[in-house]
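Asks: First the structure, which I've put down as structure tokens, then a few questions once you've had a look.
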Amino acid sequence: MNPGDIIGHRYKIIRSLGEGGMANVYLAYDTVLDRQVSVKVLRLDLRDDPNTKRRFRREAMSATRLNDPHIVGIFDTGEENGLQYMVMQYVQGTDLKAYIKDHYPIALPQVIDIMEQVLSAVEAAHAHGIIHRDLKPQNILIDANKNIKITDFGIAVAVSQNSLTQTNTLMGSVHYLSPEQARGSIATKKSDIYSLGIILYELLTGKVPFEGENAVSIAIKHFREDIPSVRSVNPHIPQPLENVVIRATAKDPIDRYENVKQMADDLKTSLDPSRANEPRLVIDHDDNDETKVLPLDKLPYNQKNHQTSQPTGPEQPAAKKQPGFWSRYRRHIMGAIALIVVAVAAGCSWWFLLRQVIIPDVEGQTPLQAEQRLKKQSLRVGNITRVHDQDVAKNHIISMRPGPSAKTRINSSVDLKVSTGVSQMKMGRYVGHDYAETAKMLRQKGFRVQKRMVYSDTVDAGTITKQNYRRGTIIKPRSNIIDFEVSAGKQNIKIPDFTNQDVSVVQQFANKHNLQLTTQQKKSKTVATNHVISQTPKAGMTLNHGDTLTVTIANSGNQTKTTNIQINIPFDSNGGQRENRVQVYIRDANHNLTMEYQDITINQETTINVPFTLKNGQMGAYRVVRNGRTIMSATNITG
């Protein structure tokens, strides 16, 4: 393709963006929607391969099902002069491979942030049954705001028929190839997890784990050699973070994470101080039922107990009964009583004053819990010192003196050092995290946490959608209150009874609640023209934003037809905008261009369906206004 060429009668090629083993990618201009797009075109040498064409088409259609902010969206697919092509979202930035080369070493929190976005996208794909099969930094795009988008989902399967002898096309992919793929086995979701582990390795070390003269030699290393230690390259990498690499890149898929979410959860806490002393992960493999020779001293055995009776000493002669009177034994009896009194007194003194007890471990408990535990051992709480601590939750014991398991006399006091939480910390990125878990963690550090519930059509209930402090901001428990905006899920909209009401009333209700309105025409002698005869759903039922409300309206007998038009509205992020206000105006049998049909707020490119009810020979029209400016219009809508 050359600059100026037009594909699909609307996409004008601007320049080449890159060439791959299966397709070439171009920057193009969408002449219909006035926007820049990426166009991926199947290579000329593969266009006559029916298997490649079939897989390209099937996988392209599968990828259109993916709707995730970290996956490059696919707008259109088609065929031009025998060449398959796809039209995708254009991301201004660079690929992760180039980003690592230009910015290494990358701060560990940023590494975690990048990987969390990548894992989120892969998890969404896996949930739809789509395996990437070719995850590598070259397929991961990053823009100026450090936002991640993955491309080529599902496309790699089309080149799986080609052998590793295509060194020029597969040399980049083979560095991230799982051992089972290198052996020729079918790729699974755990194959993607292996590739994710290699990508994490490269983010941490700036290089891939294996190099070789050709693709085959590198592939052999993937299933024969252990992944080198990232801590040998950078000793400052925490062991828990290296453990994520070790588990993700285990040779046997059964030793890897069960799913991408499990890997994401492990990665999320890999920098937590509470895991600082975690040992290096060692993957244990079974012995495949090998015969082993065990040393004799390791075998269990029983010993017979030989009990022998020992003489207890010479037999004591029987005491002789000696006659006597009370007066003869009085002095001895009084002396014995005196000895007994002294012994009892000494015993009581030891029990109540000198007896020693073992101090229980109360570290990590609250002072009240510690007081109750110590009281059971006849001990009491001594001095309490309160200090800031990064690791121990607020109002929990950091240490004790004397220490746990030491011996001390009963009624002794134990001094406690209690955490007041952190003195300050850097704010994390909690958008997308569960609110309950996040609030609990921050409150343990001493912060006051507040939430504001908002309805959301795209975010699950209980998930954080906004935070009042940006990531990296220094915050202090004494002076900063953390506010979160939390999704309350979709808002249920109760549908009223529109029977016999003018269709404009229905339209206003649909606009107010962001509903798609579909109208049908029916001749009626009892209901006034343009008034509602029936509706779906019925009155009293509920819908969510974006759902369709259908009404049948009466007409005077003139023949009409309703057609649905799909309008793709681009998102404008210039100036750091996070939301766009969009107003849609239409003209048909029931509306004119001065009547607002829909008013919505978007945060990404959005497609809406608009029904046009047209009389015979009538032409429909629409106009889309974004942030007060008309960005698209059409005047030739026909039934």
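Residues are listed down the side, and each one gets a yes or a no for (1) in contact (Cβ under 8 Å) with a residue 12 or more places away in the chain; (2) surrounded by 16 or more Cβ atoms within 10 Å (Cβ to Cβ); (3) in contact with an Asp or Glu (Cβ under 8 Å, 6 or more places away or on another chain); (4) assigned to a strand (DSSP E or B):
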| residue | (1), (2), (3), (4) |
| --- | --- |
| N564 | yes, no, no, yes |
| N592 | no, no, no, no |
| T613 | yes, yes, yes, yes |
| I631 | yes, yes, yes, yes |
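Asks: Residue by residue through the range 367-386, note down the ones that are among the β-branched types (V, I, T) and surrounded by 15 or more Cβ atoms within 10 Å (Cβ to Cβ). Steps first, answer last, please.
Replies: So the first thing to find is which residues in the range 367-386 are among the β-branched types (V, I, T), and the list is 381, 384-385.
Once the filter is applied, which keeps residues that are among the β-branched types (V, I, T) and surrounded by 15 or more Cβ atoms within 10 Å (Cβ to Cβ), the range 367-386 yields only V381.
Asks: Additional query: So which residues in the range 521-546 are crowded, with 16+ Cβ neighbours inside 10 Å and either under 16 Å from L614 (Cα atoms) or free of Cβ contacts under 8 Å to residues at least 40 places away in the same chain (or both), if there are any at all? Can you show your working first?
Replies: We begin by selecting, within the range 521-546, every residue crowded, with 16+ Cβ neighbours inside 10 Å; these are 521, 524, 527, 530-533, 535, 543, 545-546.
The answer is Q521, S524, V527, N530, H531, V532, I533.
Asks: Restricting to the range 387-397, give me the number of residues that are of a type outside the set (G, A, S), surrounded by 15 or more Cβ atoms within 10 Å (Cβ to Cβ) and more than 17 Å from S413 (Cα to Cα).
Replies: Filtering the range 387-397 down to residues of a type outside the set (G, A, S) leaves 387-392, 394-397.
Going one step further and asking which of them are surrounded by 15 or more Cβ atoms within 10 Å (Cβ to Cβ), we end up with 388-389, 392, 394-397.
Those still in the list that are more than 17 Å from S413 (Cα to Cα) too: 388-389, 392, 394-396.
The total comes to 6.
Asks: So which residues in the range 235-254 are among the charged types (D, E, K, R) and surrounded by 16 or more Cβ atoms within 10 Å (Cβ to Cβ), if there are any at all? Working first, answer last.
Replies: Step one: of the range 235-254, the residues among the charged types (D, E, K, R) are 242, 247, 251-252.
E242, R247, K251, listed by residue number.
Asks: How many residues, within the range 9-37, are small (G, A, S), modelled with pLDDT of 85 or more and not in a strand (DSSP E or B)? Steps first, answer last, please.
Replies: From the range 9-37, those small (G, A, S) are 16, 18, 20-21, 23, 28; that's our starting set.
Now narrow it down to the ones that are modelled with pLDDT of 85 or more: 16, 28.
Subset that is not in a strand (DSSP E or B): none.
Adding up the residues that qualify gives 0.
Asks: Okay, next question. Residues that are under 30 Å from S399 (Cα atoms) and out of contact with any Asp or Glu (no Cβ under 9 Å at 6 or more places or on another chain): list the strands (runs of 3 or more DSSP E) wholly contained in the range 414-522 that include at least 2 such residues. Explain how you work it out, then say what you get.
Replies: Details: elements: 448-454, 464-467, 481-487.
Because the criterion is at least 2 residues that are under 30 Å from S399 (Cα atoms) and out of contact with any Asp or Glu (no Cβ under 9 Å at 6 or more places or on another chain), the strands (runs of 3 or more DSSP E) in the range 414-522 that meet it are 481-487.
Asks: Could I ask something else about it? Please work out which one of (1) farther than 20 Å from Q604 by Cα; (2) surrounded by 15 or more Cβ atoms within 10 Å (Cβ to Cβ) is the condition M88 fails and give its number.
Replies: For M88, the failing item is (1).
Asks: Another question, then. Out of (1) more than 24 Å from the chain's Cα centre (by Cα); (2) farther than 26 Å from T151 by Cα; (3) among the charged types (D, E, K, R), the odd one out for D255 is which?
Replies: Condition not satisfied by D255: (1).
Asks: Applying the selection to the range 351-379, what residues are β-branched (V, I, T) and modelled with pLDDT of 85 or more?
Replies: The first filter runs over the range 351-379 and keeps only residues β-branched (V, I, T), leaving 357-359, 362, 366.
Within the range 351-379, I358, I359, V362, T366 meet the criteria.
Asks: Working carefully through the options G617, G639, find the one that is in contact with a Lys or Arg (Cβ under 8 Å, 6 or more places away or on another chain), closer than 28 Å to A554 by Cβ and modelled with pLDDT under 90.
Replies: On the way: G617 fails: in contact with a Lys or Arg (Cβ under 8 Å, 6 or more places away or on another chain).
Sole residue among the options that is in contact with a Lys or Arg (Cβ under 8 Å, 6 or more places away or on another chain), closer than 28 Å to A554 by Cβ and modelled with pLDDT under 90: G639.
Asks: Could you run through the range 544-557 and say how many residues are closer than 19 Å to T607 by Cβ and assigned to a strand (DSSP E or B)? Before the answer, list the steps.
Replies: Looking only at the range 544-557, we keep the residues that are closer than 19 Å to T607 by Cβ, and these are 544-549.
From what's left, assigned to a strand (DSSP E or B): 548-549.
Within the range 544-557, residues that are closer than 19 Å to T607 by Cβ and assigned to a strand (DSSP E or B) number 2.
The values are calculated or read from the model by the stated rules, or taken from the named source; none is laboratory data. Treat the numbers as computed from the prediction; the structure is a model and nothing was measured. Don't worry about glycine lacking a Cβ; one is built from the backbone with ideal geometry, like all the others, and counts go over all protein chains shown.
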